[in-house]
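Asker: One structure follows; several queries about it will come next.
Since every read-out is calculated from the coordinates, none of them should be taken as a lab result. This one's a predicted model, so the numbers in the text were calculated from it and none came from an experiment. Methodologically, a virtual Cβ is constructed for each residue, glycine included, from the backbone with ideal geometry; neighbour enumeration extends over all protein chains shown.
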Amino acid sequence: MLEAALREGFHLPYSCRNGACGTCKGRIVSGDVRHEPYEAKALSETEKAAGLALFCRAVPEGPVVVLAREIGVAKDIVIKTVPCRVARMEKLAPDVMRLFLKLPQNERLLYLAGQYIDILLRDGRRRGFSIANAPSADEFLELHIRHVPGGVFSGHVFNAMQERALLRFEGPLGTFFLRDDTDKPVILMAAGTGFAPIKAIVEQALTAESERPLHLYWGGRTRADLYLHDLALEWAARHPRIRYTPVLSRPAAEDAWTGRTGHVQEAIAADWPDLSGFEVYGSGPPRMIEAAKGVLARKGLPEDAFYYDAFEPAQDPVAPP
Ligand code: FES
């Protein structure tokens, strides 16, 4: 149903598109749908019994009427399939590669900071990566690729891909972007390469006149996971509206870490006993997003003030693109 809605120009919220995150949840008002497999945490039995469905996993079995939220600002964004060239590769950490993609001449991608693209592999599979730079500086598209053991695309990037390689992608996708219809202070919560869309959001926000406070929390296991730590420090040093709190869950001895430790969502909860007047934007693995939902709700964060991008890197070994 999500696919059909997007194809017909309705911009419903979604993130994972595989039944893991719950972003696409909406109500079936009338008609029947078949539920393709999904993760129980994304849709509870009670919700299902009450007529809710995950539109990314619901297949209509006839005419269906649904009630869904639509994202107005995404309306003018055209999703397209574009060839591109890898203009530059830069290792940001032992397991994180930054790719700069160059589109064909005269071709630009209209997107919102925080959205992602799907790299299209030759065997028909796709791999989603957030765009890590702001649309205001879009000569290249920047991606942060984590090397996943057994991951076919990330393995290819780390072991075989050369600059000037050709790729194809579809995008922009997703509804993870900063809502600007409010002045509420913003907490940005990233784990690992979940920093990529957050980086785009911060860079875009810095081009606007707004004084809206942005508090960035970036979590990793060790210091190496904060692969653009200096950039975040620089933002905070240069812009009074930005604060930056790095958090490590398992700092290595050689990190000599004197900063915050633990999980990033716990650090936010410890710093902000009342989140009722905030918006939180989270990007990272589904288990972090899931944990954050509960922790932040207990601090008063309204459910509709938590926006997130939940992703899990694919690990299936198949032929390279
Ligand atoms: Fe449908 Fe994530 S559960 S988009």
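Asker: Using alpha carbons only, how many angstrom separate the centre of region 246-317 from the centre of region 72-123?
Answerer: For region 246-317 versus region 72-123, the Cα centre distance is 26 Å.
Asker: Find which of 66, 302, 105 sits farthest along the positive direction of the dipole of the chain, computed with +1 on the beta-carbon of Lys and Arg, -1 on that of Asp and Glu, about the Cα centre.
Answerer: Result: 105, furthest along the dipole toward the positive end.
Asker: If you don't mind, there's one more thing I want to ask. Starting from the amide H of residue 126, placed 1.01 Å from N in the peptide plane, find each other amide H under 5 Å away whose residue is 5 or more places distant or on another chain.
Answerer: Residues meeting the amide H criterion: 121.
Asker: At a threshold of 8 angstrom on Cα-Cα distance, excluding pairs fewer than six apart, so keeping six or more, what relative contact order does region 203-321 reach in percent?
Answerer: Working: 149 pairs, mean separation 23.5, N = 119.
Here the relative contact order equals 20 percent.
Asker: Right, something else. Given the options 196, 208, 53, which has the most mean-square fluctuation in a GNM of the chain, springs set between C-alpha atoms less than 10 angstrom apart?
Answerer: Taking springs between Cα atoms under 10 Å, the residue moving most is 208.
Asker: Around residue 182, under 10 Å between beta carbons, what's the net of Lys plus Arg minus Asp minus Glu among the other residues? The partial results should precede the final answer.
Answerer: Details: positive: 179, 184, 212; negative: 180, 181, 183, 279.
Within the 10 Å Cβ shell, the charges total -1.
Asker: What FRET efficiency, computed as 1/(1 + (r/R0)^6) with R0 = 30 Å and r the Cβ-Cβ distance, is obtained for residue 7 and residue 49, rounded to the nearest 0.05? Don't skip to the end; give the middle numbers.
Answerer: Details: r = 29 Å, r/R0 = 0.98.
Using R0 = 30 Å, I get an efficiency of 0.55.
Asker: Could you size up the charge dipole of the chain around its Cα centre, putting +1 on the beta carbon of Lys and Arg and -1 on that of Asp and Glu, and report it in debye to the nearest 20?
Answerer: On the way: 39 positive and 41 negative charges, 101 e Å.
So the magnitude is around 480 debye.
Asker: Are there GluC sites (Glu not before Pro) in region 204-279 that DSSP marks as loop and that have at most 15 other Cβ atoms within 10 Å, and which are they? The partial results should precede the final answer.
Answerer: On the way: sites: 209, 211, 234, 254, 266, 279; in loops: 209, 211.
When the GluC sites (Glu not before Pro) of region 204-279 are filtered for loop state and at most 15 Cβ neighbours within 10 Å, 209, 211 remain.
Asker: Once you have a ≥ b ≥ c as the square roots of the Cα gyration tensor eigenvalues for region 165-321, tell me rounded if a/c is under 1.5, and otherwise prolate or oblate according to whether a/b is larger than b/c. Provide the component values of the computation, followed by the final result.
Answerer: Numbers: a/c = 1.36, a/b = 1.17, b/c = 1.16.
It is rounded, given that a/c, with a ≥ b ≥ c, falls under 1.5.
Asker: Next question. If you place +1 on the Cβ of every Lys and Arg and -1 on the Cβ of every Asp and Glu, how big does the dipole about the Cα centre of region 128-221 come out, in debye to the nearest 20? Could you put the intermediate results ahead of the total?
Answerer: Working: 8 positive and 11 negative charges, 107 e Å.
The calculated dipole for region 128-221 is roughly 520 debye.
Asker: Per DSSP helix of 4 or more residues, -39500 (n - 2.57); summed, then divided by the residues of the chain. What does that give at 222 nm, rounded to the nearest 500?
Answerer: Details: 7 runs with 60 residues, N = 321.
One gets -5000 deg cm²/dmol as the mean residue ellipticity at 222 nm.
Asker: For the residue pair residue 222 and residue 237, what label-to-label distance in nm results when each label sits 7 Å from Cα along the Cα-to-beta-carbon direction?
Answerer: In this crude spin-label approximation the distance works out to 2.5 nm.
Asker: When we measure straight from the Cα of residue 102, which lysines land under 27 angstrom away, once same-chain ones fewer than 8 places off are left out?
Answerer: Answer for residue 102, where 27 Å is the Cα cut-off: 75, 80, 91, 199, listed by chain and number.
Asker: Do you know the relative contact order of region 4-43, to the nearest whole percent, from alpha carbon pairs under 8 angstrom that are 6+ apart?
Answerer: Details: 28 pairs, mean separation 14.6, N = 40.
The normalised contact order for region 4-43 reaches 36 percent.
Asker: If the chain between residue 139 and residue 312 were fully stretched, how many nm would it gain, using 0.36 nm times the residue separation less the Cα-Cα distance? Present the calculation step by step, with values, prior to reporting the outcome.
Answerer: On the way: separation 173, 0.36 × 173 = 62.28 nm, distance 2.78 nm.
Extending this stretch completely gives an extra 59.5 nm.
Asker: Among the lysines, select those whose C-alpha is under 25 Å from the C-alpha of residue 48, and discard any that sit fewer than 8 residues away in the same chain.
Answerer: 25, 293
Asker: Determine which residues of region 127-142 fall in the zone a paramagnetic label at residue 87 would reach in this model, i.e. backbone nitrogen under 16 Å from the point 7 Å along Cα→Cβ.
Answerer: Those under the cut-off are 131-142.
Asker: So, one more: Can you tell me the length gained on complete extension of the stretch residue 170 to residue 297, counting 0.36 nm per residue apart and subtracting the Cα distance?
Answerer: Working: separation 127, 0.36 × 127 = 45.72 nm, distance 3.44 nm.
Separation in residues times 0.36 nm, less the Cα-Cα distance, equals 42.3 nm.
Asker: Also: What percentages, rounded to whole numbers, describe P(r) for region 27-79 computed over all alpha carbon pairs with 10 Å bin width beginning at zero?
Answerer: The distribution over region 27-79 is 21, 46, 28, 5, given as percents.
Asker: Over the C-alpha atoms of the chain, what are the Rg and the largest Cα-to-Cα span, Dmax, in Å?
Answerer: Cα-based Rg and Dmax for the chain come out at 19.5, 61 Å.
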